[in-house]
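The structure appears below as structure tokens.
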Amino acid sequence: MSNHLFQIPLTKLQGVGPQKAEEFHALGISTVGDLLEYYPFRYEDYRIRELSEVKDGERITIQGTIASMPSMQRYGGKSRLICRVTVESMLVTAVWFNRAFLKDQLTLGREITLTGKWDQRRRHLTVADSEFPDRSSAKTGTLQPVYSVGGSITQAAIRKLIDRALNQFGSLIPEILPPELLDKHSLIPRREAISGIHRPENTREGTEARRRMVYEELFLFQLKLQAYRATHLKQADGLVQPVNNDEIRSFVGALPFSLTDSQKQVINEILHDMKQPYAMNRLLQGDVGAGKTVVAAVGLYATVRAGHQGALMVPTEILADQHVRSLGKMFEPYGIQVGLLTGSLTERKRRDLIASLQMGLLDIVVGTHALIQEDVFFRSLGLVVTDEQHRFGVNQRSILRRKGMNPDVLTMTATPIPRTLAITVFGDLDVSTLRERPKGRKPIKTYSVKHQMMDRVLGFIRKEAEQGRQTFFICPLIEESEKIDVQNAIDLHIQLTQALPELSIGLLHGRMTAGEKEATMALFAAGKTNVLVSTTVIEVGVDVPNATLMIVMDADRFGLSQLHQLRGRVGRGEHQSFCILIADPKSENGQERMKAMTETDDGFEISRRDLEIRGPGEFFGTKQSGMPEFRLANLVNDFEVLEQARDDAAALTAMEQFWSSPTYAELRENLARDANLNGEPLD
Ligand code: ADP
Ligand code: MG
């Protein structure tokens, strides 16, 4: 790389001999370039604060005048130094441990800056660091970077060396991002950013510096992925599926609603891909209720019109039934045949269905993982859609894909983190996002209540029923004890039937036959039952727009994203919807989740909170997950930047000039430098 700071050995810096160089080497720092890119992981704040705004237990820096002679106590080999200091006309007690040498410097009336932990009640500061402004105030007022260090290298030593490197070589730090991207995102120049990360003048400067470098880090990472795709993966061996815009327009025009702008945009992206001779591999993400099904339907319609077949794979039979019903209705006027393939078909029906797929008598098949069995063949598979992708293993999708000659693949999911993260980081996927929900949707009002409020909950159900609306009542299903949970559902059903004799109450659980489930669901979808008592079998995908009340029993036993999915079963029509979480107030962790649920109904935010509560270890499994490690970027908090960087990198590598123009020489060289991506690619 022409950034030759990576060729200047550390020993070129004053004060670094062979031995010091060896120790820095152990930290992975061998050159001036390495040192400058060795970023702090946090800052210590030495900015002076007003005592009135300080909270108990905080680490603070204050300035005052010495108001008493110091007193010293010695015990064992240790010492404690105590002195009164006037701060903003308040008397504060400062305590140092093992700083006996300071005693003589603490003279009455002298100014002093103290940093340490504040005890509000006793007006007591345990001093970690102090400076005398009449002698030095190097730290006072600053944000001091904190690095990860080891061996005999101290924070002070590395700070000093980085300062030296910045002074001596800072002017040689090259810009590597093209000006159009700096402009587009209002990023500060690289030189300023690197200096700003190590010694920010204020929080704003630190933030801007970090923002610039995070973008750069993610952009360079994505540039490698996208460049690899552009040169290796984009082979023109996919199906070209011609799309007749007039036909699409009239199909869309016949829908019972008009599409949102977001839906129109992602449909355009999908149809564009289908026309190209490359196999589409696209992820469609959109929160629960955003309207993903109809987007898939347009794609399926297009593939059938182009003379091929479509497959839609879903994680549960209930969802398969639902999609067959809704797609069947949409496609009927066009003579398009939709079939259902699940594990509970009789052998005879199954064989018939496979035969009609093979002969091309069936245009679209909806199914569970039964779709990917060995003996399922298509005459010509043009589009594969998987719904609720996060419920599938990665391999299941690729098996289905192999049932055709490189068909186009659309993957749909409502959970943006962490699955989406993993596949957008590694997968060679394009991403479409539904950013808005259909117009007129009201936020779902969510309440968390105790079991004792059951009477009022029943009243709520009655009230919704009087207005013609319906209720889901969920009881938990815990994998290990399905039997007990089914019993719970049955008991709750009996209870509700007795408590609400005027209402018709259905029951759904995993031990019922497929036929029973389908019949129960169909009754509820048709509005024939007022309340559906169910286990989590209806967690994903189920769409009954007239249902406005979701009640979750023992909600503290559910994970956050699961609760969000369940809540997403209501709020799918124009009526105001509600979610009542019945939870144990003594479950502390549970209460945190209830709080998140009552505060937001944005799936992305929920996902973020989930991460916060569970911690990143459990979320990603760190290294095992094959996620790359970044110096500055945090894949969860910087997720939007990652998406932006991906789009920028894709656009850039698609340009002819990127591969030839001298403007991008620096970036091309960067590609050549450690060309190997770390981490395992997913499917
Ligand atoms: P999800 O993204 O959760 O799969 P669905 O596709 O099931 O959402 O759509 C949720 C509900 O919203 C369905 O009843 C669907 O018919 C309806 N819907 C979808 N798009 C629109 C739209 N543009 N305007 C009004 N209703 C819509
Ligand atoms: Mg759905």
May I ask you to list the residues in segment 537-573 that are within 16 Å of ligand 2 (Cβ to nearest atom) and among the β-branched types (Val, Ile, Thr)? VAL537, ILE538, VAL540, VAL542, VAL544, VAL570
Test result for THR61, assigned to a helix (DSSP H, G or I) and within 30 Å of ALA633 (Cα to Cα): no
Quick check: is even one residue across segment 570-579 touching a Ser or Thr at 6+ places or on another chain (Cβ under 9 Å) and farther than 24 Å from ALA290 by Cβ? no
The number of residues in segment 120-142 that are touching a helix residue (DSSP H, G or I) at 6+ places or on another chain (Cβ under 9 Å) and at pLDDT below 90 is 1
All but one of (1) within 24 Å of the chain's Cα centre (by Cα); (2) modelled with pLDDT of 80 or more; (3) of a type in the set (Gly, Ala, Ser); (4) away from ligand 1 (no atom under 16 Å from the Cβ) hold for GLY427; which doesn't? (2)
I'd like the full set of residues that are touching a Leu at 6+ places or on another chain (Cβ under 6 Å) and either within 14 Å of THR126 (Cβ to Cβ) or open to solvent by 50 Å² or more (accessible area, probe 1.4 Å) (or both), limited to segment 51-80. ILE62, MET72
What pairs come out if I take residues in segment 282-307 that are within 16 Å of PRO438 (Cβ to Cβ) and pair them with residues that are within 10 Å of ligand 2 (Cβ to nearest atom) and among the basic types (Lys, Arg) whose C-beta lies under 8 Å away, six or more apart or interchain? LEU284/LYS292; GLY286/LYS292; GLY289/ARG572
For segment 184-195, what are the residues that are closer than 18 Å to LEU218 by Cβ and in a helix (DSSP H, G or I)? LYS184, ARG190, ALA193, ILE194
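If you check MET550 against the conditions, is it open to solvent by less than 40 Å² (accessible area, probe 1.4 Å) and either on the phi > 0 side of the Ramachandran plot or at pLDDT below 95 (or both)?
No; evaluated as a whole, the condition is false for this residue.
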Give the residue, chosen from GLU592, GLU643, GLU629, that is in a loop (DSSP other than H, G, I, E, B), under 21 Å from the mean Cα position of the chain (by Cα) and either modelled with pLDDT under 90 or among the charged types (D, E, K, R) (or both). GLU629
Out of curiosity, is VAL240 of a type outside the set (D, E, K, R), within 16 Å of ligand 1 (Cβ to nearest atom) and at pLDDT 90 or above? no
Single condition ALA128 does not satisfy, out of (1) in contact (Cβ under 8 Å) with a residue 60 or more places away in the chain; (2) open to solvent by less than 40 Å² (accessible area, probe 1.4 Å); (3) not hydroxyl-bearing (Ser, Thr, Tyr): (2)
Quick check on my filter: what residues within segment 285-303 are more than 15 Å from ligand 1 (Cβ to nearest atom) and either out of contact with any helix residue (DSSP H, G or I) (no Cβ under 8 Å at 6 or more places or on another chain) or on the phi > 0 side of the Ramachandran plot (or both)? none
Restricting to segment 9-30, what's the tally of residues that are within 23 Å of ALA209 (Cβ to Cβ) and surrounded by fewer than 18 Cβ atoms within 10 Å (Cβ to Cβ)? 2
Looking only at residues that are assigned to a loop (DSSP other than H, G, I, E, B) and surrounded by fewer than 24 Cβ atoms within 10 Å (Cβ to Cβ) in segment 291-316, which one is nearest to ligand 2 (Cβ to nearest atom)? GLY291
Can you tell me which condition ASP246 does not meet? The list is (1) within 16 Å of ligand 2 (Cβ to nearest atom); (2) open to solvent by 40 Å² or more (accessible area, probe 1.4 Å), and all the others hold. (1)
Quick test for you: out of GLN276, GLN285, pick the one residue that is within 22 Å of VAL540 (Cβ to Cβ) and modelled with pLDDT under 95. GLN285
It is to be established whether one or more residues within segment 525-538 are surrounded by 23 or more Cβ atoms within 10 Å (Cβ to Cβ), at pLDDT below 90 and within 16 Å of ligand 1 (Cβ to nearest atom). yes
Scan segment 255-283 residue by residue and report those that are open to solvent by 70 Å² or more (accessible area, probe 1.4 Å) and assigned to a loop (DSSP other than H, G, I, E, B). PRO256, PHE257, SER258, TYR278
If I ask for residues that are out of contact with any Lys or Arg (no Cβ under 9 Å at 6 or more places or on another chain), among the hydrophobic types (A, V, I, L, M, F, W, C) and open to solvent by 30 Å² or more (accessible area, probe 1.4 Å), which ones from segment 95-123 would you list? PHE101, LEU108
Hits in segment 196-211 - residues which are modelled with pLDDT of 90 or more, out of contact with any Asp or Glu (no Cβ under 8 Å at 6 or more places or on another chain) and in a helix (DSSP H, G or I): ILE197, ARG204, GLU205, GLY206, THR207, GLU208, ARG210, ARG211
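May I ask you to list the residues in segment 539-557 that are more than 16 Å from ILE490 (Cβ to Cβ), away from ligand 1 (no atom under 16 Å from the Cβ) and not in a strand (DSSP E or B)?
If the condition is that a residue be more than 16 Å from ILE490 (Cβ to Cβ), away from ligand 1 (no atom under 16 Å from the Cβ) and not in a strand (DSSP E or B), then ALA555, ASP556, ARG557 are the ones that fit.
Let's see how each residue does on (1) open to solvent by 30 Å² or more (accessible area, probe 1.4 Å); (2) assigned to a helix (DSSP H, G or I); (3) more than 14 Å from ligand 1 (Cβ to nearest atom); (4) in contact with an Asp or Glu (Cβ under 8 Å, 6 or more places away or on another chain):
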{"residue": "ALA320", "(1), (2), (3), (4)": "no, yes, no, no"}
{"residue": "HIS323", "(1), (2), (3), (4)": "no, yes, no, yes"}
{"residue": "SER326", "(1), (2), (3), (4)": "yes, yes, no, yes"}
{"residue": "GLU332", "(1), (2), (3), (4)": "yes, yes, yes, no"}
{"residue": "LEU340", "(1), (2), (3), (4)": "yes, no, yes, yes"}
{"residue": "SER344", "(1), (2), (3), (4)": "yes, no, yes, yes"}
{"residue": "ARG348", "(1), (2), (3), (4)": "yes, yes, yes, no"}
{"residue": "ARG351", "(1), (2), (3), (4)": "yes, yes, yes, no"}
{"residue": "SER356", "(1), (2), (3), (4)": "no, yes, yes, no"}
State which residue is farthest from ligand 2 (Cβ to nearest atom) when the search covers only segment 234-243 and only residues that are among the hydrophobic types (A, V, I, L, M, F, W, C) and surrounded by 13 or more Cβ atoms within 10 Å (Cβ to Cβ). LEU239
Consider segment 1-51. How many of its residues are more than 30 Å from THR140 (Cβ to Cβ) and assigned to a loop (DSSP other than H, G, I, E, B)? 7
Which residues, counting only those in segment 135-183, are among the small types (Gly, Ala, Ser) and outside any helix (DSSP H, G or I)? SER136, SER137, ALA138, GLY141, SER148, GLY150, GLY151, SER152
Looking at the structure I just gave you, is PHE578 open to solvent by 10 Å² or more (accessible area, probe 1.4 Å), within 16 Å of ligand 1 (Cβ to nearest atom), aromatic (Phe, Trp, Tyr) and within 27 Å of SER258 (Cα to Cα)? no
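The values are calculated or read from the model by the stated rules, or taken from the named source; none is laboratory data. Keep in mind that what you see is a predicted model, and the values were worked out from it rather than measured. Cβ sites come from the backbone with ideal geometry, for glycine too, and all protein chains shown count toward neighbours. Ligands, DNA and RNA are excluded from the accessible area calculation, which covers all protein heavy atoms including side chains. Shrake-Rupley method; radii C 1.70, N 1.55, O 1.52, S 1.80 Å.
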